[in-house]
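The block underneath contains the structure these notes are about, expressed in structure tokens.
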Amino acid sequence: MSLVRAEQLVKTYRMGDVEVQALKGVDFSIEPSSFVAFVGPSGSGKSTLLNMIGCLDHPSSGKLAVLDTDVATLDPRSGATFRGEHIGFVFQDFNLIPVLTVYENVEYPLRMVQKWPLEKRRAQVLRLLEAVGMADQADKRPDQLSGGQKQRVAIARALVSQPKLVLADEPTANLDHDTAYRVLQLMKKMRDEFGTTFVFSTHDPKIMGEAETIFTLEDGRLQNEKESNHA
Amino acid sequence: MLDVLAIASRNLLRYRRRTLLTLLLIVIGMVAVLLFVAVAGSFKAMMVGQFTDSVLGHLQVHRKGYVASIDNLPLNLNMSAAMVAKTEEALKANPLVETWSPRIKFGGMFSNFAETTSIRINGIDPAREAATVPLLPGRLIEGDKAKPLVERGNILIPVLLARGMNTKVGDTVVVVATNRDGSVNGKTFVVQGILEGVTGPGGRDGYMHIDDARALLRMSDAEISEVAVRLKDFSRLGQADKQFKQTLGESTNKEGKQTIEVHTWAELSPFANLARMIDLMTLFIKIMLVSIVLVSVMNVMMMAVFERIREIGTIAAIGTPPGRILSLFLAEGLMLGVVGTAAGIIFSLAAIFGINVWSPTFAFGQQQNLVMAPTIAAGDVLAIAAMVVAVAVLASLQPAWKASRMDPISALRHV
């Protein structure tokens, strides 16, 4: 059973009097525990697609099911609940909360979204910080970390609530090549350890080679699907 | 809730200078309002106390129509013995009443054998008058304070009259008065004391014993002009007034006409308007405080939302429900209000304590060297504090609502 399934997905934006079609009938499916990249140039529709999979945006037409839920039917409140329970996010700019420590940033989804009990929460946060190699930096604030460290924390935060799916929009765009490579290796390791599906967007050809399945988007259309030799 | 407060406090500390400036505004506003309420309230209480405890009493009972003609001190509108008895019966039965004092008020001529002038006189029972208006004995600026307030054959005269007529304690004077029938009678009195004048009705009257007044006016019946009433608790004046207006105010004569009327001090003194003016000024000062808190907190919260748009997008994207985002920003407003209010109360109470230690004096009307002793009721402090905290939360509502309804995609794209 597919984790994500899209059929004839269309997304149209209105910019003033002009209608812009960001996605023009896209079909794809993503299997559980896979490591998937959407690649393509800027404006090809990668971020739009990830936003819709993440229930942050609704399709204009077509069908999009995530974990067998038709995401088009979710209102903002139930969308937030669905994201909190099933989807983790990793952002290009890390987007850690600056007033919280590393520990508190990772703890945030369990504390403010899912309300885990303290002891269980503590054990889970420490487990994730250990897994991403940031346990010794737990008391630091984001402004005391390097870019790679921030992204490790962001990955821990995305995984802490044990989601089925992690969406990463250009997760390595603000990292140098070596750090980007290590972050991708970490994401793969997390996938292996937790069985989480990772879907990320990139237009960096060196990074896209690490994906096991690559969907190429161009001008709002899916050009091809390629199984990488990493699979 | 504690989680929300913990994060809200961190966010407030993120912009320390801005938070401190906002808190400072709230503190200044709180101190200004609480000080004003304390000083104005004390001034009002002192002023009202001067009227009620020196001259008027808390309530007065008259024959119907007397107050409308009070400037003439009409003897034909005195209360009959039957009315007095009915009044005293009602006063005795009411547990709110501490004591009362019957008075005969009349106008006459005052002569020191060299000059003559007009005088307004209260015929009083000295002990009951001193109990009903306890500040009256303290107004004696010349004369023996150990003696009863005024003994038979003696008179107390106001200081302005004493100066104008060059009259001293121990001098013999003549008081001439016209009685109800129009006949004139005169009687000699010894000046027992000189009274400090007070602002307001009756503040420059002379006093003699009620029996002397009856003799001077050749009254055969136990009639009186008014009954001044003192309550046990001044704050229950409204309740007592209502009760007496129902019991005494409804008494009628054979023709079915109202015979007795009851008035509070405020209905008898034009200075009640001054007290109302103080209340109005207090209201305006409170409105100014509300405006200061509203504008400063709203400004800081709008800035907070604007500066944290991407952060709001992030927490919304990772599943924070809109209601939780709303509460995060409301909590910041709440904390600004609570901390500002707490600091404001501390500084205000310190300032009030400081003024009480300093004890500045001021003049009110003819009274000099009145000591300013501001006090504030705990209820007033709590009401103003609750108002400030509520306004701070209210001011955060619009920015918080905006944050909670923000589109996560647009917020995450915000630069």
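The values are calculated or read from the model by the stated rules, or taken from the named source; none is laboratory data. The model shown is predicted, which means the values in this text are computed figures rather than measured ones. Neighbour counts run over all protein chains shown; Cβ positions are idealised from the backbone, glycine included. Please note that ligands, DNA and RNA were not included when accessible areas were found on the heavy atoms of the full protein model with its side chains. Shrake-Rupley method; radii C 1.70, N 1.55, O 1.52, S 1.80 Å.
Which residue pairs have Cβ atoms closer than 7 Å, lie 6 or more positions apart in sequence or on different chains, and pair a first residue in the range B:29-51 that is aromatic (Phe, Trp, Tyr) with a second residue that is open to solvent by 40 Å² or more (accessible area, probe 1.4 Å)?
B:Phe36/B:Ile285; B:Phe51/B:Phe271
Based on this model, can you work out whether B:Lys245 counts as of a type outside the set (A, V, I, L, M) and at pLDDT 85 or above? Full working, then the answer.
Values: of a type outside the set (A, V, I, L, M): yes; at pLDDT 85 or above: yes.
Considered against the rule, which asks whether it is of a type outside the set (A, V, I, L, M) and at pLDDT 85 or above, B:Lys245 comes out as yes.
With respect to B:Leu231, is the statement that it is touching an Asp or Glu at 6+ places or on another chain (Cβ under 8 Å), in contact (Cβ under 8 Å) with a residue 12 or more places away in the chain, closer than 22 Å to B:Ala85 by Cα and hydrophobic (A, V, I, L, M, F, W, C) true?
Details: touching an Asp or Glu at 6+ places or on another chain (Cβ under 8 Å): yes; in contact (Cβ under 8 Å) with a residue 12 or more places away in the chain: yes; closer than 22 Å to B:Ala85 by Cα: yes; hydrophobic (A, V, I, L, M, F, W, C): yes.
For B:Leu231, the condition - touching an Asp or Glu at 6+ places or on another chain (Cβ under 8 Å), in contact (Cβ under 8 Å) with a residue 12 or more places away in the chain, closer than 22 Å to B:Ala85 by Cα and hydrophobic (A, V, I, L, M, F, W, C) - is met.
Does B:Pro374 count as more than 14 Å from every other protein chain (Cβ to nearest Cβ), closer than 30 Å to B:Ile141 by Cα and out of contact with any helix residue (DSSP H, G or I) (no Cβ under 9 Å at 6 or more places or on another chain)? Before you say what the answer is, go through the steps one by one.
On the way: more than 14 Å from every other protein chain (Cβ to nearest Cβ): yes; closer than 30 Å to B:Ile141 by Cα: yes; out of contact with any helix residue (DSSP H, G or I) (no Cβ under 9 Å at 6 or more places or on another chain): no.
No: the conditions fail for B:Pro374.
Within the range B:121-131, does at least one residue satisfy the condition of being under 22 Å from B:Leu231 (Cα atoms), out of contact with any strand residue (DSSP E or B) (no Cβ under 8 Å at 6 or more places or on another chain) and of a type outside the set (Val, Ile, Thr)?
Filtering the range B:121-131 for residues under 22 Å from B:Leu231 (Cα atoms) gives B:122-131.
Right, trim to out of contact with any strand residue (DSSP E or B) (no Cβ under 8 Å at 6 or more places or on another chain) and you get B:127, B:130.
Narrowing further to those that are of a type outside the set (Val, Ile, Thr): B:127, B:130.
Within the range B:121-131, one or more residues are under 22 Å from B:Leu231 (Cα atoms), out of contact with any strand residue (DSSP E or B) (no Cβ under 8 Å at 6 or more places or on another chain) and of a type outside the set (Val, Ile, Thr).
From the list B:Ala68, B:Ala146, B:Ala93, exactly one residue is open to solvent by 40 Å² or more (accessible area, probe 1.4 Å) and at pLDDT 90 or above. Which is it?
Details: B:Ala68 fails: at pLDDT 90 or above; B:Ala146 fails: at pLDDT 90 or above.
Of B:Ala68, B:Ala146, B:Ala93, the one residue that is open to solvent by 40 Å² or more (accessible area, probe 1.4 Å) and at pLDDT 90 or above is B:Ala93.
Give B:Leu20, B:Leu12 a once-over and let me know the one that is within 14 Å of chain A (Cβ to nearest Cβ) and modelled with pLDDT of 90 or more.
Values: B:Leu20 fails: within 14 Å of chain A (Cβ to nearest Cβ).
Result: B:Leu12 is the single residue among B:Leu20, B:Leu12 that is within 14 Å of chain A (Cβ to nearest Cβ) and modelled with pLDDT of 90 or more.
Restricting attention to the range A:143-161, does a residue exist that is within 14 Å of the chain's Cα centre (by Cα), open to solvent by 10 Å² or more (accessible area, probe 1.4 Å) and away from chain B (no Cβ under 11 Å)?
The answer is yes, given that some residue of the range A:143-161 is within 14 Å of the chain's Cα centre (by Cα), open to solvent by 10 Å² or more (accessible area, probe 1.4 Å) and away from chain B (no Cβ under 11 Å).
Which one of the conditions (1) in a helix (DSSP H, G or I); (2) open to solvent by less than 10 Å² (accessible area, probe 1.4 Å) does A:Ala168 fail to meet, given that it meets all the rest?
Against the list (1) in a helix (DSSP H, G or I); (2) open to solvent by less than 10 Å² (accessible area, probe 1.4 Å), A:Ala168 comes up short only on (1).
Against the definition (open to solvent by less than 10 Å² (accessible area, probe 1.4 Å), within 30 Å of A:Thr216 (Cα to Cα) and at the interface with chain B (Cβ under 10 Å from one of its Cβ atoms)), how does A:Ile30 come out, yes or no? Don't jump to the end; show me each part of the working.
Working: open to solvent by less than 10 Å² (accessible area, probe 1.4 Å): yes; within 30 Å of A:Thr216 (Cα to Cα): yes; at the interface with chain B (Cβ under 10 Å from one of its Cβ atoms): no.
No.
Pull up the range B:273-318, narrow it to residues that are among the basic types (Lys, Arg) and not in a loop (DSSP other than H, G, I, E, B), then point me to the one that is surrounded by the most Cβ atoms within 10 Å (Cβ to Cβ).
Only one residue fits best here, namely B:Lys286.
Restrict the check to the range A:118-136 and report whether at least one residue is within 14 Å of chain B (Cβ to nearest Cβ), open to solvent by 60 Å² or more (accessible area, probe 1.4 Å), of a type outside the set (Phe, Trp, Tyr) and not in a helix (DSSP H, G or I).
no
Could you check how many residues of the range B:179-203 are in contact (Cβ under 8 Å) with a residue 12 or more places away in the chain, of a type in the set (Val, Ile, Thr) and surrounded by fewer than 21 Cβ atoms within 10 Å (Cβ to Cβ)?
Selection size over the range B:179-203: 3.
Listed residues B:Gln50, B:Gln60; which is modelled with pLDDT under 90 and under 25 Å from B:Leu231 (Cα atoms)? Walk me through it before giving the result.
Values: B:Gln60 fails: modelled with pLDDT under 90.
Selected residue: B:Gln50, the only one of B:Gln50, B:Gln60 that is modelled with pLDDT under 90 and under 25 Å from B:Leu231 (Cα atoms).
Somewhere in the range A:64-84, is a residue aliphatic (A, V, I, L, M), at the interface with chain B (Cβ under 9 Å from one of its Cβ atoms) and either out of contact with any Ser or Thr (no Cβ under 8 Å at 6 or more places or on another chain) or open to solvent by 10 Å² or more (accessible area, probe 1.4 Å) (or both)?
As a first pass, look at the range A:64-84 and keep what is aliphatic (A, V, I, L, M): A:64-67, A:71-72, A:74, A:80.
Keeping just the survivors that are at the interface with chain B (Cβ under 9 Å from one of its Cβ atoms) gives A:80.
Checking which are either out of contact with any Ser or Thr (no Cβ under 8 Å at 6 or more places or on another chain) or open to solvent by 10 Å² or more (accessible area, probe 1.4 Å) (or both) leaves us with none.
No: zero hits.
Kindly indicate the residue of the range A:47-63 that is open to solvent by 10 Å² or more (accessible area, probe 1.4 Å) and within 14 Å of chain B (Cβ to nearest Cβ) and also nearest to A:Lys11 (Cα to Cα) among those meeting that condition. First the steps, then the outcome.
From the range A:47-63, those open to solvent by 10 Å² or more (accessible area, probe 1.4 Å) are A:47-48, A:51, A:55-63; that's our starting set.
Of the ones still in play, those that are also within 14 Å of chain B (Cβ to nearest Cβ) are A:47-48, A:51, A:55-59.
Working: A:Ser47: 12, A:Thr48: 8, A:Asn51: 11, A:Cys55: 13, A:Leu56: 13, A:Asp57: 9, A:His58: 8, A:Pro59: 5 Å.
Only one residue tops the list, namely A:Pro59.
For every residue, the table says whether it meets (1) closer than 29 Å to B:Val61 by Cβ; (2) aliphatic (A, V, I, L, M).
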site	(1), (2)
B:Ile124	yes, yes
B:Pro134	yes, no
B:Ile157	yes, yes
B:Asn166	no, no
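Looking at (1) open to solvent by 30 Å² or more (accessible area, probe 1.4 Å); (2) within 14 Å of another protein chain (Cβ to nearest Cβ); (3) part of a helix (DSSP H, G or I); (4) of a type outside the set (Val, Ile, Thr), which is the one condition that is false for B:Leu334?
So B:Leu334 meets the others, but not (2).
From the set of residues in the range A:85-105 that are open to solvent by 30 Å² or more (accessible area, probe 1.4 Å) and touching a helix residue (DSSP H, G or I) at 6+ places or on another chain (Cβ under 7 Å), which is nearest to the other protein chains (Cβ to nearest Cβ)?
Top of the filtered list is A:Pro98.
For the range B:218-257, give me the residue count where each residue is under 14 Å from B:Ser80 (Cα atoms), open to solvent by 50 Å² or more (accessible area, probe 1.4 Å) and either in contact with a Leu (Cβ under 9 Å, 6 or more places away or on another chain) or not acidic (Asp, Glu) (or both).
Looking only at that region, the number is 4.
List every residue pair whose Cβ atoms lie under 6 Å apart, where the two residues are 6 or more positions apart in sequence or sit on different chains, the first residue falls within the range A:1-25 and is free of Cβ contacts under 8 Å to residues at least 40 places away in the same chain, and the second residue, located anywhere, is in a strand (DSSP E or B) and among the β-branched types (Val, Ile, Thr).
A:Tyr13/A:Val20; A:Glu19/A:Thr12
Just to verify a result, which residue in the range A:145-160, among those that are among the aliphatic types (A, V, I, L, M) and not in a helix (DSSP H, G or I), is modelled with the lowest pLDDT? First the steps, then the outcome.
Restricting attention to the range A:145-160, the residues satisfying the condition of being among the aliphatic types (A, V, I, L, M) are A:145, A:153-156, A:158-160.
Remaining after also requiring not in a helix (DSSP H, G or I): A:145, A:160.
Numbers: A:Leu145: 94, A:Val160: 91.
Out of the qualifying residues, it is A:Val160.
Quick one: count up the residues across the range B:46-94 that are at positive phi and in contact with a strand residue (DSSP E or B) (Cβ under 7 Å, 6 or more places away or on another chain). If you could, list the steps in order and put the result at the bottom.
Looking only at the range B:46-94, we keep the residues that are at positive phi, and these are B:57, B:65, B:73.
Pick out the ones that are also in contact with a strand residue (DSSP E or B) (Cβ under 7 Å, 6 or more places away or on another chain) and you get B:57, B:73.
Residues meeting the conditions: 2.
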